[in-house]
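Contents: one structure, followed by commentary.
The values are calculated or read from the model by the stated rules, or taken from the named source; none is laboratory data. These numbers come from a predicted model, not from an experiment. Here the Cβ is made from the backbone with ideal geometry for all residues, glycine too, and neighbour counts use every protein chain on show.
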């Protein structure tokens, strides 16, 4: 059985790899979601924003797409990581508020459209699983930083 110091050494040795993995996964998801807002505007961009009830969808959908592409790229390469993660965290808060809270309460919320999913906690929890994971990933990167395998770390070391 490993003692406490051995466990700490193992965990600390995995931390840089875990941070890198989280950064790469989150960057990939946000970049691909942002690109899809432009590739499939009716389903995932302006059309979706109209359906949800987001104000000024012709402006907000492309804006969110750019935020996700730029923020995701910053997170992916580890450059201005915390800045990118803050922008993406705000993106996720708005997404959860606009699309998941209405499922929880079973009706439109702050002008957002009523949900098509069955209302209630379990339905909301199921629908929000990716959004919540991405929000927590952003919070992790804001708290922990980009890790050693990042451009931010190289700039500080130089």
(request) Name every residue in region 1-30 that is farther than 22 Å from residue 143 by Cβ and at pLDDT 95 or above, in order of residue number. (result) none
(message) Any residue at all in region 54-72 that's closer than 22 Å to residue 97 by Cβ, in contact with a strand residue (DSSP E or B) (Cβ under 7 Å, 6 or more places away or on another chain) and not in a helix (DSSP H, G or I)?
(response) no
(message) Condition first: over 15 Å from residue 131 (Cα atoms) and free of Cβ contacts under 8 Å to residues at least 60 places away in the same chain. Now tell me which residues in region 19-43 satisfy that.
(response) 21, 24, 35, 36, 37, 38, 39, 40, 41, 42, 43
(request) Would you confirm whether any residue within region 36-45 is within 24 Å of residue 142 (Cα to Cα) and surrounded by 18 or more Cβ atoms within 10 Å (Cβ to Cβ)? (result) no
(message) Could you go through region 92-112 and let me know if any residue there is within 12 Å of the chain's Cα centre (by Cα), touching a residue at least 40 places away in the same chain (Cβ under 8 Å) and farther than 17 Å from residue 18 by Cα.
(response) yes
